[in-house]
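Chemist: Next up is a structure, given as C-alpha cells.
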Amino acid sequence: MSDRTRVAVSEVLNGRRRGWRALLPTAGPAVIASVAYMDPGNFATNIGAGAAYGYGLLWVVVLANLVAMLFQAMSAKLGIVTGRNLPELCREQFSPWLVWPMWGASEIAAMATDLAEFLGAAIGLSLLFHLPLMLGMVVTGVVTYVILSLGRNGFRPMELLIAALVGLIGLGYLIELLIAPPDWGAAAFHSVMPQLADGGAVTLAVAIVGATVMPHAIYLHSSLTQDRFPNATPSEKAKLIRYSNREVLVALSYAGLVNMAMVIMAAAAFHDGHSGVTEIETAYHTLIPLLGVGAASVFLMALMASGISASVVGTMGGQVIMQGFVGFRIPVWVRRLVTMVPAFVVVALGYNATVSLIISQVVLSVVLPVPMAALLVIGRRRAVMGEFRTSMPVFALAILVTLVVLGLNAILLVQTIT
C-alpha cells in the first residue's frame, strides 16, 4: 500500500473522509474478486443458456449472484477480522486428514478455473486476429504474466488495470444490448420465475452456478483483505467491514448485470432460429450475419478482456490456495506455466474448447461446497472471529444456500448416472 493510500484509509477510519470519497481508498478486493464472475466460463454457459432456453434460466443467474454476494462478503470479513486468509485458517483449524483432501479438491477447482479463463482469452485472440489457437494461448500466457508482475509495485496498479478491463467487459455488453434489443418484459419475468425445462436445463443451471460462484474467488477475497489494514482496532474493523460489504454489493451487482446481459443477448440473437448455438466460435460467426461485424468484434473484445483479467485473478487464487493449505510457495511464473498445461492438452488432443469450458464450470460447482462449508464453520468460531463471528440468521441463510448447491449437484449426478 502506498503512503498516499495509507493516509487516505486513515482519514476514512478517523471519519475525516466521508461519502463516496471514503469508498475509493478501501475499494479494490471486491473488484478483483468480481472478475471471477465475468470469466469466459460465464460466456460459454450463458450463451448456451440463452440460445437453448431463451430467458428461461435468468433466475439461476440472479440466484447465483446473490449467493456470491453472501459468501464473498463473509470471506472479505474473515480477512479483515483475523489478518489470515481462508486456506491458512483451514490448515490451522482442521485436522490434516481433512485439510489434504480440501487442498486437492481446491487445486482441481483452480485448474478448472484456469482452463476456462485461458481458453476463453485464447479463443478471442485467435478469432479476432486470425491466429492459430495455440499461438493465441501463448500470447495470453505472456500478457497475463506481465499483468501479474505489476503486483511487485503494490496492489493499486494491478487493481486499476483489472478495473479497466472489467469496465471494458460491461461496455461491450451494453453495446450488444443496444444492437440486439431484447424482450425486456420476458427478461424481467424469467429473472424471478424459477423453471427447469429438461435435463439439459439442469446441466446448464449447475454450470451457471459453477461459473458464477467461484471457489478460488472465495479463497482469494480473504487474502486480498488480510494485510490491507493491519493493526486495526475492533471499531475500525467494524467500519472496514461495512465499507467492504458496500463494495461487494456494488462490484457483484455489476458482475450480475453483465451475466444477465450475456444471457439476454444470446436469447435475443440466437434463441429464435439459432437455438443450437452452444460454442463461442459459433456464436461469433453467427453474430456476423445477424448483427454485423461490429457486434461480433465487440463480443470478442469483451471475451478477451474477460479471459485475460480472469486468468490473472485465477493465478492469484491458485497461489493463495497452495500457500495457505500446504504452506508451499512457488514463483508466479511457475504457477502460470503449470496452469497453462491443461489448456494446451485440451487443444492438442482436439477437444472442443467451448464444451471443455462448460465441463470445467460443472467441476467448479461440484467443488464449490468445500470453501463454502469451511467459511461457514470457521466464521462461527468465537476463538477465531471473536465478536465478529457470523450471526445466527446469516449462518442459517448460508447453510440453506449451501444445501441448494449440494442439491443441484446431486440432481446432476443422478441425471448423469441414469
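Chemist: Condition first: out of contact with any His (no Cβ under 6 Å at 6 or more places or on another chain), more than 21 Å from V312 (Cα to Cα) and either without any contact (Cβ under 8 Å) to a residue 40 or more places away in the chain or among the basic types (K, R) (or both). Can you find one or more residues in region 141-149 that meet it?
Modeler: If we filter region 141-149 for residues that are out of contact with any His (no Cβ under 6 Å at 6 or more places or on another chain), which is where we start, we get 141-149.
Add one more test, that the residue is more than 21 Å from V312 (Cα to Cα), and what stays is none.
Checking region 141-149: not a single residue is out of contact with any His (no Cβ under 6 Å at 6 or more places or on another chain), more than 21 Å from V312 (Cα to Cα) and either without any contact (Cβ under 8 Å) to a residue 40 or more places away in the chain or among the basic types (K, R) (or both).
Chemist: Something else about it: Examine region 202-224 for a residue that is touching a residue at least 12 places away in the same chain (Cβ under 8 Å), within 30 Å of I288 (Cβ to Cβ), β-branched (V, I, T) and buried (at least 24 other Cβ atoms within 10 Å of the Cβ), and state whether such a residue exists.
Modeler: There is at least one residue in region 202-224 that is touching a residue at least 12 places away in the same chain (Cβ under 8 Å), within 30 Å of I288 (Cβ to Cβ), β-branched (V, I, T) and buried (at least 24 other Cβ atoms within 10 Å of the Cβ).
Chemist: Considering only region 160-200, state which residues are under 21 Å from the mean Cα position of the chain (by Cα) and small (G, A, S).
Modeler: Of everything in region 160-200, those that are under 21 Å from the mean Cα position of the chain (by Cα) and small (G, A, S) turn out to be A163, A164, G167, G170, G172, S191.
Chemist: For A110, all conditions in the list (1) without any contact (Cβ under 8 Å) to a residue 24 or more places away in the chain; (2) touching a His at 6+ places or on another chain (Cβ under 6 Å); (3) not β-branched (V, I, T) hold save one; what is the number of the exception?
Modeler: The number of the failed condition is (1).
Chemist: In addition: How many of the residues making up region 16-65 are touching a Gly at 6+ places or on another chain (Cβ under 9 Å), modelled with pLDDT of 80 or more and of a type in the set (F, W, Y)?
Modeler: The number of residues fulfilling the criteria is 2.
Chemist: Now for a different question. Does region 259-273 contain any residue that is more than 21 Å from L128 (Cβ to Cβ) and at pLDDT below 70?
Modeler: There is at least one residue in region 259-273 that is more than 21 Å from L128 (Cβ to Cβ) and at pLDDT below 70.
Chemist: Something else now. Given the condition within 17 Å of E159 (Cβ to Cβ) and buried (at least 24 other Cβ atoms within 10 Å of the Cβ), answer yes or no: does some residue in region 8-21 qualify?
Modeler: no
Chemist: Hey, another quick one. Being hydrophobic (A, V, I, L, M, F, W, C), more than 30 Å from L406 (Cβ to Cβ) and surrounded by 18 or more Cβ atoms within 10 Å (Cβ to Cβ) narrows it down to one residue among L150, L131, L165; which is it?
Modeler: Result: L165 is the single residue among L150, L131, L165 that is hydrophobic (A, V, I, L, M, F, W, C), more than 30 Å from L406 (Cβ to Cβ) and surrounded by 18 or more Cβ atoms within 10 Å (Cβ to Cβ).
Chemist: In addition: Kindly indicate whether any position in region 176-185 is assigned to a helix (DSSP H, G or I), among the aliphatic types (A, V, I, L, M) and under 28 Å from L375 (Cβ atoms). Give the derivation first.
Modeler: To start, the set of residues in region 176-185 that are assigned to a helix (DSSP H, G or I) comprises 176-179, 184-185.
Right, trim to among the aliphatic types (A, V, I, L, M) and you get 177-179.
Still in the list and also under 28 Å from L375 (Cβ atoms): none.
No, because not a single residue in region 176-185 is assigned to a helix (DSSP H, G or I), among the aliphatic types (A, V, I, L, M) and under 28 Å from L375 (Cβ atoms).
Chemist: Still on this structure, I have one more. Would you be able to say whether some residue in region 364-381 is in contact with a Ser or Thr (Cβ under 7 Å, 6 or more places away or on another chain), farther than 19 Å from P101 by Cα, surrounded by 14 or more Cβ atoms within 10 Å (Cβ to Cβ) and at pLDDT 80 or above?
Modeler: yes
Chemist: Restricting the first residue to region 46-72 and requiring it to be on the phi > 0 side of the Ramachandran plot, which pairs with a second residue that is in a helix (DSSP H, G or I) and modelled with pLDDT of 85 or more meet a Cβ separation below 7 Å and a spacing of at least six or different chains?
Modeler: G54/A267
Chemist: Go through (1) surrounded by fewer than 18 Cβ atoms within 10 Å (Cβ to Cβ); (2) in a helix (DSSP H, G or I); (3) of a type outside the set (G, A, S) and name the single condition Q195 misses.
Modeler: (2)
Chemist: Mind checking whether some residue in region 322-338 is under 22 Å from the mean Cα position of the chain (by Cα), aliphatic (A, V, I, L, M) and either at pLDDT 75 or above or at positive phi (or both)?
Modeler: Checked region 322-338: at least one residue is under 22 Å from the mean Cα position of the chain (by Cα), aliphatic (A, V, I, L, M) and either at pLDDT 75 or above or at positive phi (or both).
Chemist: Spot the failing condition for N231; the list is (1) outside any helix (DSSP H, G or I); (2) in contact (Cβ under 8 Å) with a residue 40 or more places away in the chain, and only one is missed.
Modeler: N231 satisfies every listed condition except (2).
The values are calculated or read from the model by the stated rules, or taken from the named source; none is laboratory data. If you're wondering where the values come from, they're calculated on a predicted model, not measured in any experiment. Neighbour counts run over all protein chains shown; Cβ positions are idealised from the backbone, glycine included.
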